[in-house]
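Data first, discussion second: the structure below is written as structure tokens.
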Amino acid sequence: MLVLITYDVSTQDKAGKARLRKVAKECVNYGQRVQNSVFECILDSSQTLLLKDKLLSMIDESKDSLRFYYLGNHYETQVEHFGAKESYEAEGVLMV
């Protein structure tokens, strides 16, 4: 299923900047960055739970925000892209 993950990590201090880097690095392991703090990830249920657990352990819930949007398996008709960044095929080859 396609899961859209968004986050907003407070970078007011050094610890926040470190949290931001950790969250971004973990998201890169699971999906494609489509905007600065937005990732599209093709995940099954167990991968989703694992990633959610990892990310929740990294953020400070009193300062940071993390959102998961579950777009399901038939997401192709639910995502439209306009603008400068080229779109990609989520289940296609990411690197050549």
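The values are calculated or read from the model by the stated rules, or taken from the named source; none is laboratory data. For clarity, every value in this text was computed on a predicted model and none was experimentally measured. Glycine gets a Cβ as well: all are built from the backbone with ideal geometry, and neighbour counts include every protein chain shown. Areas reflect the complete protein model, heavy atoms only, side chains present, ligands, DNA and RNA absent. Shrake-Rupley method; radii C 1.70, N 1.55, O 1.52, S 1.80 Å.
A few points about this structure:
- Some residue of the range 24-33 being in a helix (DSSP H, G or I) and either over 9 Å from the mean Cα position of the chain (by Cα) or on the phi > 0 side of the Ramachandran plot (or both): yes
- Taking each residue of the range 2-14 that is within 8 Å of SER37 (Cβ to Cβ) and touching a residue at least 60 places away in the same chain (Cβ under 8 Å) and looking for partners that are part of a strand (DSSP E or B) and open to solvent by 60 Å² or more (accessible area, probe 1.4 Å) with beta-carbon atoms closer than 9 Å, six or more apart or interchain, yields THR6/GLN35; THR6/ARG67; THR6/TYR69; TYR7/ARG67.
- Tallying residues that are farther than 15 Å from LYS63 by Cα and open to solvent by 60 Å² or more (accessible area, probe 1.4 Å) within the range 2-26 yields 3.
- The set of residues from the range 31-53 being aliphatic (A, V, I, L, M) and without any contact (Cβ under 8 Å) to a residue 40 or more places away in the chain comprises VAL38, LEU49, LEU50.
- Among the residues making up the range 1-23, those that are closer than 14 Å to TYR69 by Cα and either within 10 Å of the chain's Cα centre (by Cα) or assigned to a helix (DSSP H, G or I) (or both) are VAL3, LEU4, ILE5, THR6, TYR7.
- Looking only at the range 27-60, residues that are open to solvent by less than 30 Å² (accessible area, probe 1.4 Å) and over 14 Å from LEU4 (Cα atoms) come to 1 in all.
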